[in-house]
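Written below as structure tokens is the structure these notes are about.
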Amino acid sequence: MSIRLEMRKMTKQYGDFLANEDISFTLNAGEVHAIVGENGAGKTTLMRMLYGMEPPTSGQIYLDGEPVSFDGPNDAISHGIGMVHQHFMLFSDFTAAENVVIGHEPKKAGFFRRKDAIDTVNKLAGQYQIQVRPNVKVADASVGEQQRIEILKVLYQGANIIILDEPTAVLTPIEVKGLLKNIKNLAEQGKSVILITHKLREVMEVADRVTVLRNGKVTGSVNKEETTADELAKLMVGRELQTISDRIQLNGNSLLEVNELTIKEKQEKPLLDRISLSVRRGEIVGIAGVSGNGQSELLQAISGLRKVNGGKVLIDGKDVTNQSVADIRLAGLSHIPEDRYLWGAAKQATVEETGLMGYQNKPDYNNKSILLKKQFRSLLSSWIKKFEIKTTSINEQAGNLSGGNLQKLIVSRELGQETPLLLAAEPTRGVDIGAMEYIHEALLQKRNNGDGILLISSELTEILTLSDRILVIYEGKIVGELTREEATEEKISILMAGGSKQ
Amino acid sequence: MKAQQRIQRLLSPLLQPFIAIFIGLLTGAIAISIVGAPILETYKELWMGAFGNFYFMTSTFARATPILIIGLGVSLAFRAGVFNLGAEGQMVLGAVSAALAALYVPGPGIVKILSALIAGITVAGLWSLLAGWMETKFKVQLLISTLLLNYVAVLFASFLVSEPFQDRSGSAALAQTPMLEQAAWLPKLFAGMSLHWGFIIGVILAIVMYFIFKLTSVGYEVKMLGLNPYFASYGGVNKTKVLLASMFISGGLAGLAGTVEVLGTQYRFVDGALTGPGFAWTGMMATLLANSHPLGTAVTAIFLAALETGAMGLERNTDVPLEIASVIKSVLILLISAKISFNWWKRMKKGRDKNGMV
Amino acid sequence: MEWFDAALLSSTIRMVAPILLAALGGAICARVGIFNVGLEGLILIGAFSAIVGNYFTGSVFLAVCFAAGVSMIFSLLFGYLSIHLQANAIVVGLGINFLALGLTTFGLRAIFDVKGAFYDKDMTGLPKIDIPLVKDIPFLGEVLSGHSALVYLSFILAILLFFFLYRTVMGFRVLAVGMNKVAANSIGLKTNSLQYLAVLMCGILCGMAGAQLSLGQVTMFTEGMTAGRGFIALVATMLGQSHPIGIIGSSFLFGLMDALSVRLQGFSMPTQFTAMLPYVITIIAMFFLKDRGAASQMSEQQSSR
């Protein structure tokens, strides 16, 4: 097999931080080469350099033996490199065919030949056995189909090297299977695939070779036949994972009761369909599910951000259904929001202002409407110290903090409320391992102190690590409940895809 | 390197207003030379017209009064995250209500003044609240509805003083109310000067608002709502309530501006007397120039008023038309809106470097 | 219904033209993701430039071209500030409105040495064009025929814009930019250039709208003569969901209100109330907007990640 792509001693430095250090990587024709590593290991940086989105600090890329350098994604595309981003780059009001051909539309005298586009897409789809309905509007297509549209787009642009960035994160287990089949197919037809992921099981199933990154360095590059998932995991993490605190068995009384909660929009099927669940003191209840199955609505309904059409929410025996956010918070709820930039902070606010949210009317920090800034600042600096939040000052803009540090600020703010109940939604999304361990530890501490936590996460490992009980949500319904002991990734996956428990 | 960074950080906030004023005056210079006048002489006349002697100076402050109060109102709405473009209609409705209250509420002067203030603020506040209510309840875009409501309000006020409440004492049938009795006038600060107590009210309001935003939880909630409404509602801020209250106060301040103009300067409501000088729009410019900072708004209000009174002096003494002031003002707004900062500067430099590198 | 007759419909069609032209401009901007509040100012500049061009060249054709050109220059300024310097488009739009008002009043003094309004009896307005055959049909002829070229052009342009957006490759890409700029960038579309293109087209359309205002009926310019039409056009854009054919419909509604407000002046109602009509109807129309995508909250613009 010939070497199609080689990256030699790639280094990328941001200020004092080495995101990539001396990374070398080769890709053969017809090969699936997986790049694995934890969040922040440097996978994204490496691919950004390959795709022309960042110039390398040093290092050289060779394509078919020729040295090349890319000035932007366009340049990479024209050299036959295509990327399917984790967040799809699609136009929701356009059809699949339109999305595939955009940028290189079939045309005649400036007019767009949509028929030709459809024909081309049909042909391409047949050739690579990738199922796409050319006339479907992207907004109406499933996530899996959207991904296939992305892959067709890359093929249409003439890519020989296809980068798939965390392609399975948003898919149901069945869709994952389909995707893995598509990937094998592509490789058989001579395309080279770079698969970026942190899911080792998929790697073992589809990859020919695996390169492992940790802290910006290559810790191993092996053929799949010569390795095991366990070995890869060791290379990925590089050290024993910090053992998190033991679970103290607590049989607390019920704290959160959700009964038959329903949210309906006009004429559509309900977003939440008679959801019932409960959280006891000293318990973490995890809600697993592919994102977009009603998790956001459930969070917003419990926290008062969204009105419900039916059902009840009780916190500590008090009915808080359709109460204001402020009243629900007062009843004993704190809330780590699912999207830290949308809900959890204001980018242009200072660190201090971001931290103050939810405390501005507390008697400890508010005397007849005058904010007691001195008192609050000492609380804030205790958080910064305890959680090692890196910020130049409390007057720094929240938007300038790194994702992990902002998340730590938000987590410490919500833990600082010391409420009996915490909603934790995607508490570690997009943060580095260090921050993740910190946050997991803090959540477990809170549980061991006898507080209740409702955890919502699309990361199965997170759910499995933290939860005492696991509920699976699918299309706005709770479709299964598993205890910590009986839960396995397998069982949950089936339920997440809408399958039954057996 | 470090020292340079520190200097940059110190100068950075000043750079943009400095560039804006410089280019604004430069554009003014171009306009002056178009009409064929000497540039430096003209700018000197402009300065003299605004601050040349005590009388001109107090006139400038008098003109700044409604601009400042309106500017504060608009800045409150901006801080809360909505574009209230309805200051003109709010001001006019406030002014006409105040004039009618001062005319028809029986009692001594102080009662008339107080009822005029209450009427002016309340009516204008409610008018503004209408747009806020349409936004929160029906998602009718406030930016556009407030603007359109201006026309409705101004026409309605015009109707009031040209039909039912017209002054019929004079020979010419002007569209205006009768003159208020002298007891209901706001006292002047200096005998023979046009500056009245409204200016003091405006300055006090600016200071109060500054401290509200700096120190109180209410100010904090308004600010967060403006920066990210999702974040605010997540944190328990009652979005609807804060927005409606902000709109009421924002409109109420515009009404107050109209009221003090009626009670302190014109002593009656005259159709077109408040819209003609464009107080409301200049007030909004003052807010934009000051980036919604209350004390900054006070400074920019006086600056813009000085441009206007200076331009009037210019027209009296030279051939340069007073409209030159509006040209300079609008260029300032455009420049201040762009993010001309060190970032911009860096980007320009980076662009050059990149070209050099390839 | 004594106020309803062919003359009313005829003046409706005349009044539709400036709103339609500007609303099409607003729609193009909306399609590339720019909420253009500066329509008002761009129309005003167009109206003034048309008078200037007419006064100095004596040719209505050159006057319209001049108006379109000058408005285009100002929309370029709008584009530079909002696209290139990434200023808040709403603030820039408002700034353009201020600048237009300031420059035109200054221009009235500097060029014509008058205050408030300029009128010259020697200037000719846009010629009325009769459509052969149609003009002889009773009623319909009176309604449809005898308008200025710009009136006819506005309807033709709406249809052309429809074909541009939904049939050409360039239009397809324009739509793409507005739908998802990040994605458009990722596949290498020249998003900034497409946005500039839209803004420039908007400038030309607004310039023509202005020319129709100042040369279409009475040949004169008055200070602030747009009187909120730019904003009414903006509502027409939204009501028509930024679709050229939809905008023809919504512009008709507002044109009819304009015509009605003039027509009703003859009846025993205070003029202030008849003059309010277009604004009140526009506000009421906003209750029926489906497309509320354009953020009226500044922050929603700012927090777009």
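The values are calculated or read from the model by the stated rules, or taken from the named source; none is laboratory data. If you're wondering where the values come from, they're calculated on a predicted model, not measured in any experiment. Here the Cβ positions follow ideal geometry from the backbone for every residue, glycine too, while neighbour counts run over all protein chains shown. The protein model used for the area step is the full one, side chains on, heavy atoms only, and it has no ligands, DNA or RNA in it. Shrake-Rupley method; radii C 1.70, N 1.55, O 1.52, S 1.80 Å.
Observations on the model:
- About the centre of its Cα atoms, segment B:62-328 shows a dipole size close to 760 debye [charges on the beta carbon of Lys, Arg (+1) and Asp, Glu (-1) only; nearest 20 debye].
- Cut-off 16 Å, label 7 Å out along Cα→Cβ of B:F190, residues of segment B:31-64 by amide N: B:48-64
- Only Lys, Arg (+1) and Asp, Glu (-1) charged, at Cβ; segment A:3-237 dipole about Cα centre in debye: 520 debye
- Simple point charges give the picture: +1 on the Cβ of Lys and Arg, -1 on the Cβ of Asp and Glu, and for the protein assembly as shown a dipole about the Cα centre of about 980 debye.
- Area buried, chain C against chain B - accessible surface, total, 1.4 angstrom probe, square angstrom: 4600 Å²
- Packing here is the average count of other Cβ atoms within 10 Å per residue, and on that basis the peptides C:130-137, A:348-355, highest first, run A:348-355, C:130-137.
- C:D120 - accessible surface, heavy atoms, 1.4 Å probe, Å² rounded to 10: 40 Å²
- Helix-only [θ]222 nm of chain C, DSSP H runs n ≥ 4, -39500 (n - 2.57) each, per residue, nearest 500: -22000 deg cm²/dmol
- Contact order relative to length of chain A, as percent, for alpha carbon pairs under 8 angstrom and 6 or more apart: 15 percent
- Unsatisfied cross-links (Cα-Cα over 32 Å) in the set B:K188/B:K239; A:K217/B:K223; A:K266/A:K318: B:K188/B:K239; A:K217/B:K223
- Dimensions (Å) - segment C:195-292, Cα atoms, principal axes, largest first: 48, 34, 20
- Rounded, prolate or oblate (a/c below 1.5 giving rounded, otherwise prolate when a/b exceeds b/c) for segment B:268-345 by Cα gyration tensor: oblate
- Taking only Cα atoms of segment A:1-118, radius of gyration then Dmax in Å: 17.3, 53
- Taking 0.36 nm per residue of separation and subtracting the current Cα-Cα distance, fully stretching the chain between A:E257 and A:N223 would add 7.2 nm.
- Note on C:185-192: average number of Cβ atoms from other chains within 10 Å of each residue's Cβ is 5.
- Within chain A, the ratio Rg/Rh, alpha carbon atoms throughout and Rh by Kirkwood, equals 0.99.
- Spin-label model, B:L295/A:N28: points 7 Å from Cα along the beta carbon direction are separated by 7.2 nm.
- Using distinct alpha-carbon pairs, which all enter the 1/r mean, Kirkwood radius of segment A:414-492 in Å: 13.4 Å
- Quarter of the Cα convex hull surface for segment A:3-237, i.e. its orientation-mean projected area (nm²): 13.1 nm²
- Those residues of segment A:163-178 whose amide nitrogen sits under 18 Å from the label point placed on A:Q131, 7 Å along Cα→Cβ: A:171-178
- Across A:K347/A:K408; A:K177/A:K477; A:K362/B:K214; A:K312/B:K139; A:K43/A:K491, pairs whose alpha-carbon gap is larger than 26 Å: A:K312/B:K139; A:K43/A:K491
- For C:I111 and B:Y55, the FRET efficiency from 1/(1 + (r/R0)^6), where r spans their Cβ atoms and R0 equals 35 Å, is about 0.55.
- Segment A:312-364 and segment A:198-212: distance between their alpha carbon centers, rounded to Å: 41 Å
- Annotation: average projected area of segment B:81-227 is 11.5 square nanometres, based on the convex hull of Cα atoms across all directions.
- Cα convex hull of chain C - mean projected area over all directions, nm²: 17.0 nm²
- Ranked by how many other beta carbons lie within 10 Å on average, peptides B:128-134, C:201-207, C:147-153, C:19-25 from highest: C:19-25, C:201-207, B:128-134, C:147-153
- As a calculated quantity, the FRET efficiency between A:A233 and A:E441 at R0 = 25 Å, using C-beta atoms, amounts to about 0.80.
- Segment C:158-229 and segment C:59-94 have Cα centres spaced 11 Å apart.
- Volume in Å³ per residue [convex hull over Cα atoms, computed for segment A:209-339]: 191 Å³
- The tail of the calculated P(r) for segment B:189-236 beyond 15 Å holds 60 percent of all Cα-Cα pairs.
- Percent of C-alpha pairs per 5 Å bin, segment C:37-108, short to long: 4, 19, 25, 22, 14, 9, 4, 2, 0
- Relative to the globular-protein estimate of 2.2 N^0.38 Å, the Cα radius of gyration of the protein assembly as shown stands at 1.02.
- Percentage relative contact order, chain B, counting C-alpha pairs under 8 Å, at least six apart: 33 percent
- Carbon plus sulfur fraction of accessible area for chain A, probe 1.4 Å, in percent: 47 percent
- Plainly put, segment A:178-232 has a radius of gyration that is 0.97 times its Kirkwood radius, both from alpha-carbon atoms, as the Rg/Rh ratio.
- Once all protein chains are placed together, C:Y279 keeps about 20 Å² accessible to a 1.4 angstrom probe.
- Relative intensity, log₁₀ I(q)/I(0), of segment C:1-139 from a Debye sum that treats every alpha carbon as a point, q = 0.14, 0.15, 0.17, 0.20 Å⁻¹: -0.80, -0.89, -1.03, -1.20
- Accessible-area order (highest first, 1.4 angstrom probe) of the listed residues A:H33, C:H243, A:H87: A:H87, C:H243, A:H33
- Area hidden from solvent between A and B (accessible, protein heavy atoms only, 1.4 Å, total, Å²): 2000 Å²
- For chain B, dividing the convex hull volume of the Cα atoms by the residue count gives 194 Å³ per residue.
- Computed E for C:I129/A:E459 - FRET, C-beta separation, R0 56 angstrom, nearest 0.05: 0.25
- Ordering A:G317, A:V351, A:L272 by Cα displacement along the dipole of segment A:270-373 toward the positive end leaves A:G317 in first place; charges were set at the Cβ atoms of Lys, Arg (+1) and Asp, Glu (-1).
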